[in-house]
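The values are calculated or read from the model by the stated rules, or taken from the named source; none is laboratory data. Source: prediction; values computed, not measured. Positions of Cβ are generated from backbone atoms using ideal geometry, with glycine treated the same way; all protein chains shown enter the neighbour counts.
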Amino acid sequence: MSSYRLPKGGRIDRARPLNFTFDGKPMQGLAGDTLASALLANGRQLVGRSFKYHRPRGILTAGAAEPNALVTIGEGGRTEANTRATLVELYSGLTAKSQNRWPSVDFDLGAVNSLLSPFLGAGFYYKTFMWPAAFWEKVYEPIIRKAAGLGRATYEPDPDAYEKCWAHCDLLVIGAGPSGLAAALTAGRAGARVILADEGFEPGGSLLSETATVGGKSAADLLAKTLAELADMPNVRIFSRTTVFGWYDGNVFGAVESVQKNTATVDPNRPVERIWRIAAKQAILASGAEERPLVFGGNDIPGVMMAGAMRSYLNRQAIAPGKNTVVFTNDESGYQTATDLEAAGLEVAAIVDARADGVSSWSGRAPVFPAALVQDAKGGKALTSVTVLKGGALVTIHADALAMSGGWSPIIHLACHRGAKPVWSDAKAAFLAPEIQEGLTIAGAAAGVGSIETCLADGAGKAASALKALGFSNATAAFVPVADTATVSKPLWRVHGSKGKAFVDYQNDVHLKDLGLAVAEGYGHVELAKRYTTNGMATDQGKLSNINAIGILAEARKVSPADVGTTTFRPFYTPLSFGALTGASKGKHFQPVRKSPLHDWAKKNGAVFVETGLWYRSSWFPQAGETTWRESVDREVLNVRKNAGICDVSTLGKIEIFGKDAAEFLNRVYCNAFLKLPVGKARYGLMLREDGMIYDDGTTSRLGETHFFMTTTTAYAAGVMNHLEFCAQALWPELDVQFASSTDQWAQIAVAGPKSRLILQALVDEDISDAAFPFLGAKEVSLCGGKLTGRLFRISFSGELAYELAVPAGYGEAIADAIMEAGKPHGICPYGVEALGVMRIEKGHVTHSEINGTVIPSDLGFAKMVSTAKPDFIGKAMLLREGLTAEDRLSLVGVKPLDPATTFKTGSHILSEGAVPSLENDQGYVSSSCYSPNLGSTIGLALVKHGPKRHGEHVTVWNDLKNEYTKAVLCSPVFFDPENGKLHG
Amino acid sequence: MASLIACPHCGPRPKEEFTVRGDAGIARPVPDAGEDAWYAYVYLRDNPRGRHKEHWHHTSGCRRWLVVERDTMTHAIYAVSDAGTQDASTRGETA
Amino acid sequence: MRYSAFSVFLNALRGNKDWKPAWRSPVPKNHYDVVIIGGGGHGLATAYYLAKEFGVTNVAVLEKGYIGSGNVGRNTTIIRSNYLLQGNNPFYELSMKLWEGLEQDFNFNAMVSQRGVLNLYHSDAQRDAYTRRGNAMRLHGVDADLLDRNTVRQMLPFLDFDNARFPIQGALMQKRGGTVRHDAVAWGYARGADSRGVDIIQNCEVTGIRRENGRVVGVETSQGFIGCGKLALAAAGNSTVVADMVDMKLPIESHVLQAFVSEGLKPFIDNVVTFGAGHFYVSQSDKGGLVFGGDIDGYNSYAQRGNLATVEHVAEAGVAMIPALSRVRVLRSWGGVMDMSMDGSPIIDRTPIDNLYLNAGWCYGGFKATPASGFCYAHLIAKNEPHETGRAFRLDRFARGRMIDEKGVGSQPNLH
């Protein structure tokens, strides 16, 4: 016989049936069911197969620690493997499938592994599968991997939404059982801002399945009254279906709320899960206690269940575990289960109490066997009988259900996330965490407190103390203290003499002998035993198994559990979906998008965009008839050099610098001189790191005696700003200098080419002739007949006569349009960063392709820029080191193929002609390359040993990745207009 | 690391608003301090297990550089002050 | 006892009652030729190679906790030799070659699995950087392939190739890269060293270093004084703590790096894959868990725990790379203490103090280096001469301006 639903009782709504399927079979449950209780109601106890031996497994618990009842729920992109049936709130349309079985959970061929188990003991795989070496990847490992794992994840994207929020409170109460409710009530009445979080879909914890009276009232009434009072308090928020998964520094707690995990019809406008980061001034951990399994042969046969879980299913969902139950207990709680089973009219075949002296005053029908042990449970896919050792003799009792209780372990997981170590208490026969840590107090069963009455008092009292520390002097405990009369039994870590496999970690199939083997082989340390046997590494992270494993190790090592200690509790308390952790930061919201103020202008001119960090930059502007990007880029380059072009350079970092010491400041952060830069002039500057390497470059203009305008590269805009602020605030606070980032305030437009002056003069009111506004001029200008003020810089990256015009961002598109209009008769074209790149390589100008964090100024031909006169600048001292002055440093050269019909790629290495390819013979590498339509050849910049001394040397450009070996010659890095005639035109 | 940093200008703010730079316990040497002093400044670290001073920038806030004194074992923060108010011996002097 | 399928079979027939401890638990001797501080991967490998390759067997490894309790037991198990710079590349390739023969060498299955490491690229600049790196690898005979988008798509069709922000363009792949069962590395080296006479002493914390006439002569420990001819530090994240005992300041900061494992899944991803547009990398263990991680938290820490925000960033990048991860659940996160050096590369060198040797600065890349680190360190200790592939890892390279900076970010360890 198997489990079934009783005709009456439970906190279920018999008027609301819910249809679901398990392994394709239609089933019906009721509102108020979990998937686990609904499966039990349908007589389905065998729900999964174990990891290694594929043993049939049933539902063991009614909560988060469930090791067996892992199922795959959902379809398509909503498929969720390894879902604990015990935590799934049943809903109509739920589809669930069993896992790790083939062809079916009832008939699983993998069960053959059980026969091989003597050969598959702990760590057997470390001792074999080594020969031949190549067989590991090809033969052994694929078989092992296929057999391992639990459920199968989907490859389809998740259609649902997630979100993340912050919440703040005076008191966070974790767990809405008796202690948590009492704490929340106490704090709520004191007027504190309270968050009460509980993982269940119904708050109440153990009160939900309690049949005894509490302080004269029924537990259900007490719960209802407390919840009603809390609901009326505007300062109390109850987060149901919310698991607090981690305790982080600064008393921030991570919690995940299941918002739409209880429906098959997901509202796309709401998240399915929500992460809360809860900043709490104080917290009460009222997470309760976990019942310990007993370790005896066959303790995993479907039908064997934790006593408390059986009681919970009976009282909450009116589930009968079977017709005839044996209770095996080392604790009082086994008797509570027996009492409730008998009250429901069910047969209890026997109460097997491991204790000789701890038998409670039992008044039920079932016989009690004191000082007796269940030695073996028997059955295949369902329990049929148990063998009991009683008075020195073995007796067989037929039963279809077995409730076991090995006592209770406080759930202290969260309290140990920040380094606190659990300490063994002989008095409580349990590991306890420090009861009070900064910001966190443990209350109730989680602190080893026994009965419901004492938990109520403990939660209330501890909340009152925590609140008083926060200044709520009126906080009064909602429940008065009572004496704790609960007794603690001597733990029973294992039953001796079992014939069958006695499991310690159910999910990972770690049994008693595995732990013995670990000790024998020297892996007796609790951490080594865990790693060697995998005990505690399953999805329940040892919630059920660790305590027994520690006890068993202690016995084997002949020490106390205190000497064995625990493994480390780490987040997360229960597993957490990637989706929840990701929140809304996915798809195009993975990272913020930055768009230039000229983005729409570029778009309407047909730009192809490229991601550059967070920015989208215009890459090239294809015209009708152009079929390759190269065609467009070649045309843009040739046109700029012949006529003119316009390019969006708004993404460059822009920093306004003010203050009477601004010049002195710049003089210290740049390696070249800035103190005497005249007003109205721009200067190229090299900024070093303190270790002497070039950090960034750009031009800085002096717009006034105490006002400078700095441009940085796009990639380093934020970094340079932080660096300047560091230097000014932390290194030289005595300097009067201030900064404001204005990157987003200005649209900046490069106009380059021989006709650029002609075109710009149409917009600029002032005279910009060479005489009036020579190279490196920088000034504020009036535009379009005084309609607008902009900033004009005569600087050039392309090597052409060129300007950069900055206008307030909102005017960018209008001005760009006006320049295009004015330039139309002169053949202007828009050009993108590709053409810009070609022209800068033609001119030998460097970017971060060369400034890669390992080059100093002299590597790039900037030796003369490094001031020897200045007493100090960032990076000066470190430049003198031997390695930075060495002859053979990689230095900038140009490189071009001997045969212009051949080409090479960036990232190729340089080898001396005829040299054998090897690292020792590596001469350097190509840092930038492009096709130059002006030279009709590929050209490149390269960083090469002794580079400047080797102009004219023939080399091999070596790109083995593409089998390209190009004969080339090293040359000056300036390929085009080396006299800078065009620049000064 | 604490989840919140109490900026002296803005109050307690999430750590994510800040950018850490590194050790604030050693002063920038004077230019002619010699290569050993400069090497020590740029490359050597006390790296204490316990109390430690660090530069943090309130990047998404007031944009001030702060000195955060905290514990590298417990992650507790002892004090936060503005980097500009440190005494000269710890912030460095360029003469 | 030699491990083999046959020994597993025989022992099973005897009820698995005859297995012996994989290593002894000796009482420390008064004096050793070499004492190694740190029973992690590097310390144990050093002891193993000292004994096996250089005949130095009067060696003790002192471990304050249990062996393998540091980063060798809490990393993401990746091995690769895809390095760019001359100082690094041959060293990591030596390590790869040692990995390839390791299990047969030390008779322990560490599950060295050359499943291939792919570094995705999303931009021309990243492609160019990988071209340079891949060619540098090939110059040293290391396998490297630059894969285009379609090739990667065929291998890993479930990646988000058309990512709305950073579409995948291709990948640099090292086929010989892969994963290793990390704990087994510590155990295999421990067992191999022990069988050659090395004393592995657990629960032995070093509390002081004794010097006479400026030379190191031994260590004070929680198990008493232990004398030594040479003292070798292999204390990883705690290097500074030990170096402080001789007032030696190091170019090292200790930082926290978090890593993660998901619930066990049937085979999901075959290779090791790193995302190029965010901090994320992932592989799948033989047990089925997705093992993944991201960047260091960024601040000095000895606490072995990190921040929630970093956890979120890692998950975000993971879903950006593989949208289907969204419904996969993360089981556990943990933090390790990384000995971050000032250029991102390690130090294997003598120190200015006689008889004192240093192995440190592994940043977050120490696991893959374990065999070569042990080999080169053993060479240095035994011969007082650096091994040729570890020659660049000098302690004085910063003072001399000979940094080995793969990332080019300089002396700010939290950027490496």
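Report whether or not A:Leu935 is in a strand (DSSP E or B) and either more than 41 Å from the chain's Cα centre (by Cα) or surrounded by 17 or more Cβ atoms within 10 Å (Cβ to Cβ) (or both).
Values: in a strand (DSSP E or B): no; either more than 41 Å from the chain's Cα centre (by Cα) or surrounded by 17 or more Cβ atoms within 10 Å (Cβ to Cβ) (or both): yes.
No: the conditions fail for A:Leu935.
Among the residues making up segment A:436-461, those that are buried (at least 24 other Cβ atoms within 10 Å of the Cβ), under 20 Å from A:Val214 (Cα atoms) and not aliphatic (A, V, I, L, M) are A:Gly444, A:Gly448, A:Cys455, A:Asp458, A:Gly459.
Going by the conditions given, is C:Val72 closer than 17 Å to C:Leu231 by Cβ and among the hydrophobic types (A, V, I, L, M, F, W, C)?
Values: closer than 17 Å to C:Leu231 by Cβ: no; among the hydrophobic types (A, V, I, L, M, F, W, C): yes.
It is false that C:Val72 is closer than 17 Å to C:Leu231 by Cβ and among the hydrophobic types (A, V, I, L, M, F, W, C).
Across segment A:943-964, the qualifying residues are those that are more than 11 Å from chain C (Cβ to nearest Cβ) and either in a strand (DSSP E or B) or within 43 Å of the chain's Cα centre (by Cα) (or both), and the one among them that is surrounded by the fewest Cβ atoms within 10 Å (Cβ to Cβ) is A:His954.
Do you know which residues across segment A:1-23 are among the small types (Gly, Ala, Ser) and in contact (Cβ under 8 Å) with a residue 60 or more places away in the chain? Matches in segment A:1-23: A:Ser2, A:Ser3, A:Gly9, A:Gly10.
Of all residues in segment A:218-254, those that are within 14 Å of chain B (Cβ to nearest Cβ) and either within 18 Å of A:Glu163 (Cα to Cα) or in contact (Cβ under 8 Å) with a residue 40 or more places away in the chain (or both) total 8.
Taking the criterion of being within 13 Å of another protein chain (Cβ to nearest Cβ) and aliphatic (A, V, I, L, M), the residues of segment A:560-598 that qualify are A:Val564, A:Leu576, A:Ala580, A:Leu581, A:Ala584, A:Val593.
Surrounded by 23 or more Cβ atoms within 10 Å (Cβ to Cβ), closer than 18 Å to A:Met404 by Cα and not charged (D, E, K, R): is that true of A:Val504 in this structure?
Details: surrounded by 23 or more Cβ atoms within 10 Å (Cβ to Cβ): yes; closer than 18 Å to A:Met404 by Cα: yes; not charged (D, E, K, R): yes.
Answer is yes for this residue.
The condition of being away from chain C (no Cβ under 12 Å) and not hydroxyl-bearing (Ser, Thr, Tyr) holds for only one of A:Gly907, A:Gly894, A:Gly875, A:Gly883, that being A:Gly894. Every test in (1) without any contact (Cβ under 8 Å) to a residue 60 or more places away in the chain; (2) more than 7 Å from chain A (Cβ to nearest Cβ); (3) within 22 Å of the chain's Cα centre (by Cα) is passed by C:Asn271 save one, and that test is (1). Only residues that are closer than 18 Å to A:Leu70 by Cα, touching a helix residue (DSSP H, G or I) at 6+ places or on another chain (Cβ under 9 Å) and aliphatic (A, V, I, L, M) were counted across segment A:140-165, and they come to 2. Residue count for segment A:93-125 under the criterion of being touching a strand residue (DSSP E or B) at 6+ places or on another chain (Cβ under 9 Å), more than 10 Å from every other protein chain (Cβ to nearest Cβ), on the phi < 0 side of the Ramachandran plot and assigned to a loop (DSSP other than H, G, I, E, B): the result is 5. Inclusion of A:Trp601 among residues that are touching a Gly at 6+ places or on another chain (Cβ under 9 Å), more than 14 Å from chain C (Cβ to nearest Cβ) and surrounded by 15 or more Cβ atoms within 10 Å (Cβ to Cβ) is warranted.
Would you confirm, using the coordinates I've provided, whether C:Ser262 is over 26 Å from the mean Cα position of the chain (by Cα), more than 14 Å from chain B (Cβ to nearest Cβ) and among the small types (Gly, Ala, Ser)?
Working: over 26 Å from the mean Cα position of the chain (by Cα): no; more than 14 Å from chain B (Cβ to nearest Cβ): yes; among the small types (Gly, Ala, Ser): yes.
So C:Ser262 does not fit the description; no.
Yes/no per residue for (1) modelled with pLDDT of 95 or more; (2) within 11 Å of chain A (Cβ to nearest Cβ); (3) at positive phi:
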{"position": "C:Gly224", "(1), (2), (3)": "yes, no, yes"}
{"position": "C:Lys230", "(1), (2), (3)": "yes, no, no"}
{"position": "C:Phe275", "(1), (2), (3)": "yes, yes, no"}
{"position": "C:Val291", "(1), (2), (3)": "yes, no, no"}
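If you go through segment A:547-569 and pick out every residue that is under 14 Å from A:Asp426 (Cβ atoms) and among the hydroxyl-bearing types (Ser, Thr, Tyr), you end up with 1. Has segment C:146-163 got at least one residue that is within 7 Å of chain A (Cβ to nearest Cβ) and acidic (Asp, Glu)? The answer is no; no qualifying residue exists.
For segment C:142-224, list the strands (runs of 3 or more DSSP E) that sit wholly inside it and hold at least 3 residues that are surrounded by 18 or more Cβ atoms within 10 Å (Cβ to Cβ) and not basic (Lys, Arg); which are they?
Values: elements: C:145-148, C:170-174, C:199-201, C:206-212, C:215-221.
Output list reads C:170-174, C:199-201, C:215-221.
For segment A:414-476, the strands (runs of 3 or more DSSP E) that sit wholly inside it and include 1 or more residues that are over 16 Å from A:Leu285 (Cα atoms) are A:423-425, A:430-432. So A:Trp136 clears everything in (1) in contact with a Pro (Cβ under 7 Å, 6 or more places away or on another chain); (2) in a helix (DSSP H, G or I) except one condition, right? Which one? That leaves (1) as the condition not met.
Any idea which of C:Met137, C:Met111, C:Met96 is at the interface with another protein chain (Cβ under 8 Å from one of its Cβ atoms), within 27 Å of the chain's Cα centre (by Cα), crowded, with 22+ Cβ neighbours inside 10 Å and among the hydrophobic types (A, V, I, L, M, F, W, C)? Spell out the reasoning first.
Values: C:Met137 fails: at the interface with another protein chain (Cβ under 8 Å from one of its Cβ atoms); C:Met96 fails: at the interface with another protein chain (Cβ under 8 Å from one of its Cβ atoms).
Criteria check complete, one pass: C:Met111.
Restricted to segment A:631-697, the set of strands (runs of 3 or more DSSP E) holding at least 3 residues that are touching a residue at least 60 places away in the same chain (Cβ under 8 Å) and surrounded by fewer than 23 Cβ atoms within 10 Å (Cβ to Cβ) comprises A:653-658, A:681-688.
Contact annotation: residue pairs with Cβ atoms under 6 Å, 6 or more positions apart or on different chains, pairing a residue in segment C:52-75 that is facing another protein chain (nearest Cβ under 10 Å) with a partner that is surrounded by fewer than 23 Cβ atoms within 10 Å (Cβ to Cβ) and part of a helix (DSSP H, G or I), are C:Tyr66/A:Glu527. Only one of the numbered conditions (1) buried (at least 18 other Cβ atoms within 10 Å of the Cβ); (2) farther than 22 Å from A:Arg55 by Cα; (3) within 12 Å of chain C (Cβ to nearest Cβ); (4) touching a Ser or Thr at 6+ places or on another chain (Cβ under 7 Å) is violated by A:Thr128, and that is (1). Candidates in segment A:965-985 are the residues that are part of a loop (DSSP other than H, G, I, E, B) and buried (at least 16 other Cβ atoms within 10 Å of the Cβ); of these, the one that is nearest to the other protein chains (Cβ to nearest Cβ) is A:Pro973. For segment A:518-545, taking the residues that are touching a residue at least 60 places away in the same chain (Cβ under 8 Å) and farther than 28 Å from A:Ala81 by Cα, the one that is nearest to the other protein chains (Cβ to nearest Cβ) is identified as A:Glu521. For segment C:278-368, the strands (runs of 3 or more DSSP E) that sit wholly inside it and include 2 or more residues that are farther than 23 Å from B:Thr19 by Cβ and charged (D, E, K, R) are C:329-341, C:347-350.
For segment A:751-798, what are the residues that are hydrophobic (A, V, I, L, M, F, W, C) and over 23 Å from A:Thr700 (Cα atoms)? Of everything in segment A:751-798, those that are hydrophobic (A, V, I, L, M, F, W, C) and over 23 Å from A:Thr700 (Cα atoms) turn out to be A:Leu758, A:Ile759, A:Ala762, A:Leu763, A:Cys784.
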